[in-house]
Amino acid sequence: MCGIIGILGKHEAAPILVEALKRLEYRGYDSSGIAAVKSDGSIDRRRAVGKLAELQDKLVFEPLEGKAGIGHTRWATHGEPTEKNAHPHSVGHVSVVHNGIIENFIDLRQELSMDGYKSRTDTDTETIAMVCSKFIDEGYEPIDAARKTLSKLNGSYAIAMLFEGHENFIFAARSGSPLAVGYGKNEMYLGSDALALMPLTNKISYLEEEDHAVLTREGVKIYDQKGNFVSRSVTYLNQSINAHDKLGFNHFMEKEIHEQPKALEKAIKSYLCDGETGQKINILEEVNFQNISKVILVACGTAYYACHVAKYWIEKIAKIQVEIDIASEFRYRKPPLARDSVAIFVSQSGETADTLAALRYCHGKVLKIISIVNVTTSSIARESDQILEIHAGPEIGVASTKAFTCQLAVLLLVTIKAACDKSEYSEKRLKATINELKNLPSSLGRYLENINSIKDVAYKLSTADDILFLGRGLMYPLALEGALKLKEISYIHAEGYASGELKHGPIALIDDTVPVIILAPSDELYEKSMSNMQEVIARKANVILVSDKDGIQSAGLNGQDTIEMPCIDPLLTPLLYALPVQLIAYFTAVYKGTDVDQPRNLAKSVTVE
Ligand code: AGP
């Protein structure tokens, strides 16, 4: 939800902090700030409400000096996005940046106010600085004061602290929110994720839950919750730093939509290997689905819709019962779990707090915990028995696109593997499906070469107030995803519905002001979808039919808009039909002029509950 950066450097910290915050802005962007220890030992800071550019402008007129600094991009949890509430928060000798939620900050504030420490902001983070400052006033050295502060906090945090008079020292701690230490040459760094540290170093260590760390330019000392000195593994990063370059596209989202053929090819190929009779699927080899009674799929948002598609695939092809749920409900529903079930958690960032909490609920209750993630060093990945990487490459646009289709590809490969384990999939069919999968990226690539019809549709949609997406079967989760994509970046209210459900109420919404986007490839449910389409046409809806050539020709349309899709194996249609729903959202948002890559109120990784 927020981005944290810290540096103990040889050069002025401000420009380096700002450059790193640019790479963290996707995590939260309603305000930002940096602080540094000046040559006289005092701490100075600059903060600004709004996008990072506001802070950059401020620094032009009010430069900040100092080689030891911390920085933050904020997604507000407590307190409006204002300069007053922007991090870093400084109290006495301490300056703090924080990602997470301190759940007992009200109680702490009350305690502090009785000792004369008054809060000046609306944030929970300021309380961290107040507690630490009080310990320092009581005579504790900074490290001990910081450690004692941690013991007072309930909730989740990733924290970086600077102390007046100490320009070779940053205190860091994590509990529930990710934090990584970066190793430089006589420099040390701290960041919420590897992407922020990429331009500074390729050598990092992730703090583990409840770790805290003391950074100096000479290195880092990491301690566990009991205060024991521990060593954490070093990861060498190999991610391309092109992730933060739009490469000529107008937005990261546009770039990442067009990256899907390449990303899918990598995702699919990474789970295929050569067998005696040709290529075979090489995934979850240690799991024999013959002995699995149920598959549980849990995620949030777009990742959940990928799970929804997988439910249809697994139940129909592998004949295994599937339970899906959004993580924020699953974790509190506390469902009974069978020991012969597997639980799969899908998360692009691997840091979504609700999904992580749902995973932790399953510990010790199921046969195996599997995570399907884009970041294999993430918290969700590290707490899984088995990690399935989706190989989408860094996804910067807040609206998930290539991660969604790569999640679908991995889930389909798991489905087919499960079907093979249960002898529900013949060798012949397996060979055909592998071929279809290997050809899929080029089908997507060809489709992306001619998407003008979508721009025309999007232009009409950009003036609507309410939009419906309808789908049946595998297209129902796509309708839900299409509605999410559209509303999260264009701010137009949109809903996804099972086509067959419309007549049970929502059809009351239909009139000539309501565009209805119908996802209906010419598959076994096509005729049923056409009946639903006629029901809304009869009530003057502006229908947009997304189908293949046969589906459009047979629809008997009279002037309604259409988006023609290539004809492919119905099994793979979710991966293909993800493109038009993404592009509809993208072009509609562009016409509306909203911030496509950093939509209002959102953040890329929801690391708070
Ligand atoms: C997707 O467009 C959204 N930005 C959001 O729903 C996202 O899918 C959700 O927050 C889950 O994120 P994760 O995959 O990183 O867990």
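The values are calculated or read from the model by the stated rules, or taken from the named source; none is laboratory data. Keep in mind that what you see is a predicted model, and the values were worked out from it rather than measured. Because the Cβ atoms are built from the backbone with ideal geometry, glycine has one as well, and the counts that use them run over all protein chains shown. We work out accessible area using only protein heavy atoms, side chains counted, and drop any ligands, DNA or RNA first. Shrake-Rupley method; radii C 1.70, N 1.55, O 1.52, S 1.80 Å.
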| said: Among the numbered criteria (1) closer than 25 Å to Arg360 by Cβ; (2) open to solvent by 10 Å² or more (accessible area, probe 1.4 Å), which one does Ala173 miss? | reply: (2)
| query | Restricting attention to the stretch 31-45, which residues are open to solvent by 10 Å² or more (accessible area, probe 1.4 Å), closer than 15 Å to Val97 by Cα and in contact (Cβ under 8 Å) with a residue 24 or more places away in the chain? | reply | Ile43, Arg45
| query | Of all residues in the stretch 388-405, which are within 11 Å of the ligand (Cβ to nearest atom) and modelled with pLDDT under 95? | reply | Glu395, Gly397, Val398
| request: For Asp354, work out the one condition from (1) open to solvent by 30 Å² or more (accessible area, probe 1.4 Å); (2) outside any loop (DSSP other than H, G, I, E, B); (3) farther than 22 Å from Leu478 by Cβ it doesn't fulfil. | output: (1)
| said: Can you find, within the stretch 590-601, the residue that is farthest from the ligand (Cβ to nearest atom) among those that are open to solvent by 50 Å² or more (accessible area, probe 1.4 Å) and assigned to a loop (DSSP other than H, G, I, E, B)? | reply: Gly593
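Among the residues of the stretch 292-304, count how many are more than 27 Å from the chain's Cα centre (by Cα) and either modelled with pLDDT under 95 or β-branched (Val, Ile, Thr) (or both). Steps first, answer last, please.
As a first pass, look at the stretch 292-304 and keep what is more than 27 Å from the chain's Cα centre (by Cα): 292-293.
Next, only the ones that are either modelled with pLDDT under 95 or β-branched (Val, Ile, Thr) (or both) stay: 292.
Count: 1.
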| request: Give the residue that is nearest to the ligand (Cβ to nearest atom), with candidates limited to residues of the stretch 371-387 that are polar (S, T, N, Q), in a loop (DSSP other than H, G, I, E, B) and within 18 Å of Lys402 (Cα to Cα). | output: Asn374
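Quick check on the stretch 456-507: of everything there that is among the aromatic types (Phe, Trp, Tyr) and over 15 Å from Val543 (Cβ atoms), which residue is surrounded by the most Cβ atoms within 10 Å (Cβ to Cβ)?
Result: Tyr476.
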| task | Go through (1) hydrophobic (A, V, I, L, M, F, W, C); (2) modelled with pLDDT of 95 or more; (3) within 16 Å of the ligand (Cβ to nearest atom) and name the single condition Leu367 misses. | result | (3)
| Would the stretch 546-559 turn up any residue that is in contact (Cβ under 8 Å) with a residue 60 or more places away in the chain and in contact with a helix residue (DSSP H, G or I) (Cβ under 6 Å, 6 or more places away or on another chain)? | no
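Kindly provide the set of residues from the stretch 534-589 that are among the hydrophobic types (A, V, I, L, M, F, W, C), in a helix (DSSP H, G or I) and open to solvent by 30 Å² or more (accessible area, probe 1.4 Å), ordered by number.
Ile537, Ile552
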| message | Taking the conditions exactly as written (open to solvent by less than 30 Å² (accessible area, probe 1.4 Å), among the small types (Gly, Ala, Ser) and either within 25 Å of Gly28 (Cβ to Cβ) or within 16 Å of the ligand (Cβ to nearest atom) (or both)), does Ala419 satisfy them or not? | response | no
